[in-house]
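Inspection log for the structure reproduced underneath, given as structure tokens.
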Amino acid sequence: MSDLESKQLFTNHSKIVYGEGSNNLPEHLNGLGYVNILYLLLQIEVKKKYFLDEKKDINLLFIEEPEAHTHPQMQYVFSQKIQEIIKEINKEVNLQTFISTHSSHIVSQCNFSDLRYFKLKEGNIIIKNFYTDLEIRYKGEEEYFKFLKQYLTLYSSELFFAEKIIFIEGTTEKMLLPYFISQYDKLVVAPQNKISSQNISIIEVGANSKVFKHFLEFLEIKTLIITDIDTTKLVITPATTEKKESSSNVACPVIEGDNTSNYSIKEFLNIPDKTKASDIAEWFKKLKSNSLQDDSYYIKIAYQIEELGYHGRSFEDSFISLNLKEIIKYKDDGIRGIQHKADLIDSVTDFYNLTQNVLKSDGKSDFASSLLFLALTGKVEWKTPIYIKEGLQWIAK
């Protein structure tokens, strides 16, 4: 039997019609993606007949990178269609199918338990079974594992293919991070060292980055987590005739803090047992001085550190402390999401309370988008907080 090229096959043996009557599109005018997928599906149908007729003890089907030249919607359809065909074949014979892909769209349509991860490490290919290996790591944290499975397949299958990852936890950082990256890249000479030229996935995960800890350690992908230090202090409420003495941890400026409420920091930087107050005090001291991390490790937490004599608690007060003069300049015409504008004056030193007063409770998104507008229209060149600068420098290496 002679081999048939896909073009010859479709030219001589097929007809594709769109609509009815004379409304048709000749086969040779179809895009390469359509031709490849149609040819691939036809080949699979041929193999299906072979598997069903021969009924061998071992049946293997290999499909290599079916996403070539196809758009995302077509990849979704193909993934669903191939699973239907495989299920149909498996009713009659036992078939093992291997699909190699770099498409997050195809992966998103697959069962999590069917995924295998191939990683080149020190000249060897390591094969990892996501489901069985991760299930062991998440033993005792089943809710985390359930969240991870659904998140990866429904929202961020691209993480499977990322060379590096940046997790962000806030709306403001999400909007402004691309700007900070562009500012960083302007100072980089070698093109390959620019962040924008690297395969880095930027994912907003809210306060859930701690859920990904075992996953990141499993993949060994270099990951930067940008978050807030979120300092708190212990407040004792004296007993009264009506109530017993009580204690609570409340938000406070870094200078007054003795702990953090940030779950990601606690998880990744290993906060000591709560019953040992002296250990927590020493740990928190190291947290403020940013001396808890080893930059050779492939996961780094970037949070506020002292800069120009001020240690911010959140992105917003850290940013305002660096860019106060420009914010004052545009507070009446340009910057949205703020209130009590009269408080924005040059002599301010308490940036924590300033931020609490001037930033509206629901104004973070408006604040960030207006900052970005002013930057992109060339009116302002905002200063990047040092903790974000250092984080970007680390992930770029």
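The values are calculated or read from the model by the stated rules, or taken from the named source; none is laboratory data. Note that the structure is predicted; figures quoted are calculated from it, not measured. So basically every Cβ, Gly included, is an ideal-geometry build from the backbone, and we count neighbours across all protein chains shown.
Please return the ranges of strands (runs of 3 or more DSSP E) entirely within the stretch 192-255 where 3 or more residues are touching a residue at least 40 places away in the same chain (Cβ under 8 Å) and within 24 Å of T171 (Cα to Cα). Don't jump to the end; show me each part of the working.
Details: elements: 200-204, 222-226, 231-237, 246-251.
The strands (runs of 3 or more DSSP E) meeting that bar are 200-204, 222-226.
If we keep just the residues of the stretch 256-280 that are outside any helix (DSSP H, G or I) and among the hydroxyl-bearing types (S, T, Y), which is farthest from E307 (Cα to Cα)? Talk me through it step by step, then tell me what you get.
Within the stretch 256-280, the subset outside any helix (DSSP H, G or I) is 257-262, 269-276.
Then drop every residue that is not among the hydroxyl-bearing types (S, T, Y), which leaves 260-261, 275.
Details: T260: 19, S261: 22, T275: 32 Å.
In this case the residue turns out to be T275.
Among the residues of the stretch 83-98, those identified as over 18 Å from I58 (Cβ atoms) and free of Cβ contacts under 8 Å to residues at least 40 places away in the same chain are Q83, E84, K87. For the condition under 30 Å from Y263 (Cβ atoms), free of Cβ contacts under 8 Å to residues at least 24 places away in the same chain and among the acidic types (D, E), E122 does not qualify. Does the stretch 331-353 hold any residues that are outside any helix (DSSP H, G or I) and under 30 Å from the mean Cα position of the chain (by Cα), and which are they? Result: I335, R336, G337, I338. Of the conditions (1) more than 20 Å from K119 (Cβ to Cβ); (2) at pLDDT below 85, E169 satisfies every one except a single condition; which number is it? Among (1) more than 20 Å from K119 (Cβ to Cβ); (2) at pLDDT below 85, E169 violates only (2). What do you reckon, is I328 outside any strand (DSSP E or B) and at pLDDT 95 or above? Yes. Here S296, S347, S278 are screened, and the one residue that is small (G, A, S), closer than 30 Å to E163 by Cβ and surrounded by fewer than 16 Cβ atoms within 10 Å (Cβ to Cβ) is S296.
When each of T132, T97, T101 is tested for being within 30 Å of E217 (Cα to Cα), among the β-branched types (V, I, T) and under 22 Å from the mean Cα position of the chain (by Cα), the lone residue that passes is T101. Residues that are touching a Pro at 6+ places or on another chain (Cβ under 7 Å), of a type outside the set (D, E, K, R) and free of Cβ contacts under 8 Å to residues at least 40 places away in the same chain are absent from the stretch 176-188.
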